[in-house]
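The values are calculated or read from the model by the stated rules, or taken from the named source; none is laboratory data. Please read all numbers here as calculations on a predicted model, not as lab measurements. Neighbour counts run over all protein chains shown; Cβ positions are idealised from the backbone, glycine included. Only protein heavy atoms, including side chains, enter the accessible area calculation; ligands, DNA and RNA are left aside. Shrake-Rupley method; radii C 1.70, N 1.55, O 1.52, S 1.80 Å.
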Amino acid sequence: MKDRRSVVWADVLDNIRHSKQSVYVEIDPQTNVITEVLVPLSVKVGIIKPLDNADVEVELTISQAKHYIRRSNPDFQKLLDALKKAKDEDKDLLVTEAPNTHDIIDIRPNPNPMAPAEVQSPQPVSEAPKLVSISPQKAQELFDLVKSETCCPASAAAPCIPFLYPDDGCWGRAHEMCRLMIAAGVQPDKVWIYGSLKTPATNNPNCIVNWGWHVAPTVQVSGSGILVIDPSLFNGPVTEIAWKGVQGDPSAVLVPTNASVFHRSFGGSVSYDDAAYTRTNQVLNNYRNQLKIRSVSPSGPPPYIKCLITPAGVQWFGTIGPNSTALWYTWGWPAKWHVFWTIMPITHCPGGPQLTWTVEMERANETQCTYWITVKNLTGDPVRFEGRYDVLSK
C-alpha cells in the first residue's frame, strides 16, 4: 500500500464490490500481486466497421466513445468473432479496453445484464424543445453550479461529476446536470450531436477524444438564444454553433430533445428510463472509477501538460504527488528586478486548499539571482500546477 496505485485500486475494488459490478484484474502468477485494474463496460454491440488500416471500429451501446480492435492484437480474430456473435444474438457483454486508447483487450458475457430500457420510437427532428428564457447571469450561475461538482481526479467521491474524464459517459453527466438545474428552479433541455467527432481535450492523455455522438444540457437565455452548458468542453455557457464547432465535424447533426430523454440512438429511438436517476448514478460511478484509475496510471492526473499551451507569465508546469513537498528552482533572473511568484493549481479539485508554497532567494552573481520555490501539496491527490511570475518592477 506504499504504492499510490494500490491505494486507489483498493478504493475502486471496494466501490465495485458495493455496487455489485464486475472488474478486470491482471495478476502476477508468481506473487499473486495485482498488476492492473480496469473497469469493463457493460454494453451491447452496434455497428462493426472495418477501417482502411485493417483495424476494426466498434460501436458499443451505450457509449459515446469510438472503440477499436487492432489487427496487431494476437487475439484479433477471437475478439472480432465474439463481438459479431454478441451482435447477432443481441447479448450483453463486458468489454475491457486498454487505458487511454479504447483498444478492446477482453470480452466476456455479462453475468448481470441491466434491465432493458423503455425505448420509444424516433422523435421528429422538427420538434424543438420549448424553453423558458433566463438571464445571462442565471445561465452562468447554472454553469458554475454544475461545474462545482467536478471530481477530484484520484479520489473522485460520489456524488461528484467526472467532467475530467471526457472520453465517455456524457449521457450520465448531462442527466445529472439537468437534475441539478431542475432542483435550482430552472427547466433545461438537451442537445445531441452525431458525427465523426474529434475534439481537442487537455484532460485526455492523447490531447483529443473521438466520439460518435455527444450530449449536453441547454437553456434559453435572454438576448443570446439557446446556450449549451458543458463543463467537459468549456468554461462557461456557449452557443450551439460554438459547441458544435469545437467537435471537429462541420457536417455533424444537432438534435434537440427535452431533459427527460436519457439516451437517444443514432436512428432516433429514445429512452426515458431514468426518472429515479438510478442509471445516471451507475454511469457516473463507472466513469469516476475510470478517472481514478487513469489518474494513478503513468499518464497521471489531468490536465496533461503536453496538451497545454504555456500562457504568458507562466515559467513552468509542475506535478506534485499527494501529501508531498518538493523544491523547484529557476535561475538567470536579473537581480534588479522585483519578481512575484504564484503557484496556481490546474488540477480541478473543489472543496478546499490544494497547494501552498514559499520562495527563497539566492544571489548567484553580481547581476543575477535564482529563485528556490518549495511547493507543498495539502491534499491526498496528485496535483498539476503552473509556476506563475509577474515582474513588478525592473
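Here are some notes:
- Subset of the stretch 186-200 (residues that are open to solvent by less than 10 Å² (accessible area, probe 1.4 Å) and under 13 Å from the mean Cα position of the chain (by Cα)): Thr199
- Phe163 vs. criteria within 28 Å of Ser297 (Cα to Cα), over 12 Å from the mean Cα position of the chain (by Cα) and in a loop (DSSP other than H, G, I, E, B): no
- When the residues of the stretch 348-363 are filtered to those that are at pLDDT 95 or above and part of a loop (DSSP other than H, G, I, E, B), the one that is most open to solvent (accessible area, probe 1.4 Å) is Pro353.
- Pair list, Cβ under 7 Å, 6 or more apart: the stretch 238-253 residue farther than 8 Å from Val228 by Cβ and modelled with pLDDT of 95 or more, other residue hydroxyl-bearing (Ser, Thr, Tyr) and surrounded by fewer than 17 Cβ atoms within 10 Å (Cβ to Cβ): Asp249/Ser196
- Tally of residues being open to solvent by less than 20 Å² (accessible area, probe 1.4 Å) and over 23 Å from Asn15 (Cα atoms) across the stretch 155-185: 2
- Residues of the stretch 364-382 that turn out to be under 17 Å from Tyr329 (Cβ atoms), in contact (Cβ under 8 Å) with a residue 24 or more places away in the chain and either among the hydroxyl-bearing types (Ser, Thr, Tyr) or surrounded by fewer than 17 Cβ atoms within 10 Å (Cβ to Cβ) (or both), as a count: 7
- Scope the stretch 293-306; condition assigned to a helix (DSSP H, G or I), open to solvent by less than 40 Å² (accessible area, probe 1.4 Å) and touching a strand residue (DSSP E or B) at 6+ places or on another chain (Cβ under 8 Å); matching residues: Ile293
- When each of Gln282, Gln315, Gln290 is tested for being within 27 Å of Lys190 (Cβ to Cβ), among the polar types (S, T, N, Q) and open to solvent by 40 Å² or more (accessible area, probe 1.4 Å), the lone residue that passes is Gln282.
- All conditions but one from (1) over 30 Å from Val45 (Cβ atoms); (2) open to solvent by less than 40 Å² (accessible area, probe 1.4 Å); (3) outside any strand (DSSP E or B) apply to Gly268; the one that does not is (1).
- Just one residue in the set Ala216, Ala242 is surrounded by fewer than 17 Cβ atoms within 10 Å (Cβ to Cβ) and among the aliphatic types (A, V, I, L, M); that residue is Ala242.
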